[in-house]
Amino acid sequence: SVPTHKVAVQKISEFTKTPGSIIIGTERMVPYLPHVALTVVASIDSILSLPAWRAEEHALSILHALVERTDEHVIIETRRPESRVMKSITSSPLDFLRDELKERHAFGYPPYKVFIGLTWEGTDAHCAERKNLVATLLSDLDLVGPLPPEAVSRGQYRQRAVVRVEPSEWPNDALIARLESLPVDIAITVDPDDIV
């Protein structure tokens with residue numbers, strides 16, 4: 001268990017001084033990891049299945065960081081060996097980049113659009129009220145959603161919407177003023193990781 005940066009540095013130091021030792025960690029350990037002979041990724045599928053538009057990019061970043069720190073062998077367990085991420089680990093990441101940029105262009109994702117994420121939470125009635133407000137106030141924009149609310153706890157829900165803006169039109173003082181006019185309980189994030 002590594003609760004702080006100081007403890008992480010200490011544990012890595014112990015690991016490097018103990019021949020034949022094994023260290024087990026999550027992706028948060030990767031920046032601390034020294035060069036090792038063998039790396040085993042128990043499952044990359046949990047990251048690849050995240051409903052985030054950057055999930056594959058995130059998985060690839062972690063895997064490349066591990067490959068760079070591994071001197072002999074990297075073993076990756078996956079149910080999706082044919083995925084673009086797995087293929088790019090064994091070939092050039094440029095192929096992944098080209099494919100990813102084509103998809104982002106086709107679907108209107110960054111860097112071809114700027115996402116402005118809106119998120120609010122509350123009771124079912126509160127979410128419905130915010131949904132109507134967002135839909136009315138931003139109806140003339142490229143608005144995705146508001147999406148159906150998702151339960152976060154008993155009687156409490158989270159709801160999201162995304163405004164897509166041309167990069168040449170952001171930042172935009174008029175749009176910023178409209179966003180600032182929204183109630184303070186609506187969180188606004190530019191290029192959020194989660195849009196669904």
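The values are calculated or read from the model by the stated rules, or taken from the named source; none is laboratory data. Here the structure is a predicted model, which is why all the values come from computation and not from measurement. Quick reminder, even Gly has a Cβ in these numbers, built from the backbone with ideal geometry, and neighbours come from all protein chains shown. The area values use the complete protein model at the heavy-atom level, side chains included, leaving out ligands, DNA and RNA. Shrake-Rupley method; radii C 1.70, N 1.55, O 1.52, S 1.80 Å.
Key figures for this structure:
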read-out: Test for Leu118: is it part of a helix (DSSP H, G or I) and either touching a strand residue (DSSP E or B) at 6+ places or on another chain (Cβ under 7 Å) or over 27 Å from Asn172 (Cβ atoms) (or both); value: no
read-out: Matching option when the condition is at pLDDT 90 or above and open to solvent by 40 Å² or more (accessible area, probe 1.4 Å), among Leu94, Leu138, Leu133; value: Leu133
read-out: Flag if Ala151 is part of a helix (DSSP H, G or I) and among the aliphatic types (A, V, I, L, M); value: no
read-out: Residue within the stretch 20-39 that is within 28 Å of Val162 (Cβ to Cβ), among the hydroxyl-bearing types (Ser, Thr, Tyr) and out of contact with any Cys (no Cβ under 8 Å at 6 or more places or on another chain) present; value: no
read-out: Residue that is least open to solvent (accessible area, probe 1.4 Å) [pool: residues in the stretch 69-91 that are more than 30 Å from Thr16 (Cβ to Cβ) and not basic (Lys, Arg)]; value: Ser83
read-out: The stretch 36-54, residues that are closer than 24 Å to Ile75 by Cβ, open to solvent by less than 70 Å² (accessible area, probe 1.4 Å) and either at pLDDT 90 or above or of a type in the set (Phe, Trp, Tyr) (or both); value: Val36, Ala37, Thr39, Val41
read-out: Qualifying residue in the stretch 180-189 (condition: of a type in the set (A, V, I, L, M, F, W, C) and within 19 Å of the chain's Cα centre (by Cα)); value: yes
read-out: Count of residues meeting criterion [surrounded by fewer than 13 Cβ atoms within 10 Å (Cβ to Cβ), part of a helix (DSSP H, G or I) and under 18 Å from the mean Cα position of the chain (by Cα)] in the stretch 104-115; value: 1
read-out: Among the candidates Leu60, Leu33, Leu118, residue that is more than 30 Å from Leu143 (Cβ to Cβ), touching a Leu at 6+ places or on another chain (Cβ under 9 Å) and open to solvent by less than 80 Å² (accessible area, probe 1.4 Å); value: Leu33
read-out: Contacts under 7 angstrom Cβ, first residue in the stretch 121-143 being in contact (Cβ under 8 Å) with a residue 60 or more places away in the chain, partner among the small types (Gly, Ala, Ser) and open to solvent by 80 Å² or more (accessible area, probe 1.4 Å), 6 or more apart; value: none
read-out: Among the residues listed as Val40, Val74, Val67, Val134, the single one being among the aliphatic types (A, V, I, L, M) and touching an Asp or Glu at 6+ places or on another chain (Cβ under 8 Å); value: Val40
read-out: Matching residues in the stretch 159-178 - criterion: being surrounded by fewer than 16 Cβ atoms within 10 Å (Cβ to Cβ) and either basic (Lys, Arg) or in a helix (DSSP H, G or I) (or both); value: Pro167, Ser168, Glu169, Asp173, Ala174, Ile176, Ala177, Arg178
read-out: Candidate set from the stretch 66-91 (those that are acidic (Asp, Glu) and part of a loop (DSSP other than H, G, I, E, B)); member that is modelled with the lowest pLDDT; value: Glu82
